[in-house]
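The values are calculated or read from the model by the stated rules, or taken from the named source; none is laboratory data. Every value quoted in this text rests on a predicted model; they were computed, and no experiment measured them. Counting neighbours? That spans all protein chains shown, and the Cβs are built from the backbone with ideal geometry, glycine included. What goes into the accessible areas is simple: the full protein's heavy atoms, side chains included, and nothing from ligands, DNA or RNA. Shrake-Rupley method; radii C 1.70, N 1.55, O 1.52, S 1.80 Å.
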Amino acid sequence: MDELTRDRGAFFGSIMATANHLLWADTLWMNRFDPSVAPPAVEASEHTRLHQTIGSWAADRFRLDGKIRFWADGVKAVDIMGDMSWYASTAGREFTAPITSCIMQFFNHQTHHRGQMHAMITAVGQKAPVTDVVLMPEEG
């Protein structure tokens, strides 16, 4: 766990804090897209401390990834027309943006932070997970 929580100079410091931030943000966006998905379990100020152990984080990440896949499989063209509005407590204000832009933000944000984690894991000397979609086991 020490390697996961060591500050590596990334925006959120450690691998674990970055992983927690990403899971927290993904949960928040999924709640906005599909209110049947519960909002994050902690307030924005605690987002990097969502989970204390990699085991509980991995279980929550697995569950949320399943919800994301289920949601994405069911999205229809009509579902992504128009704007969506939400209040962002981190910015302290209301936002309105095209739904398509929000979906792009959701996946782009994942790509950004997953890349950071990949670099940090590699820097520790560990083998990082496969990130090339066409090389992932479920695609082969």
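Figures for the structure shown
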{"quantity": "Condition check for Ala17: in contact with a helix residue (DSSP H, G or I) (Cβ under 8 Å, 6 or more places away or on another chain), hydrophobic (A, V, I, L, M, F, W, C) and at pLDDT 95 or above", "calculated": "yes"}
{"quantity": "The lone exception for Val134 - which of (1) at pLDDT below 90; (2) hydrophobic (A, V, I, L, M, F, W, C); (3) under 21 Å from Ala58 (Cα atoms) it fails", "calculated": "(3)"}
{"quantity": "Members of segment 86-140 found to be in contact with a Phe, Trp or Tyr (Cβ under 9 Å, 6 or more places away or on another chain) and farther than 25 Å from Val75 by Cβ, listed by number", "calculated": "Arg93, Gln116"}
{"quantity": "Scope segment 44-95; condition open to solvent by 50 Å² or more (accessible area, probe 1.4 Å) and part of a strand (DSSP E or B); matching residues", "calculated": "Asp83, Ser85, Tyr87, Arg93, Glu94, Phe95"}
{"quantity": "Flag for Gln126 being open to solvent by 60 Å² or more (accessible area, probe 1.4 Å), of a type outside the set (D, E, K, R) and assigned to a loop (DSSP other than H, G, I, E, B)", "calculated": "yes"}
{"quantity": "Test: residue in segment 22-31 that is more than 23 Å from Glu3 (Cα to Cα), under 13 Å from the mean Cα position of the chain (by Cα), open to solvent by 50 Å² or more (accessible area, probe 1.4 Å) and not β-branched (Val, Ile, Thr)", "calculated": "no"}
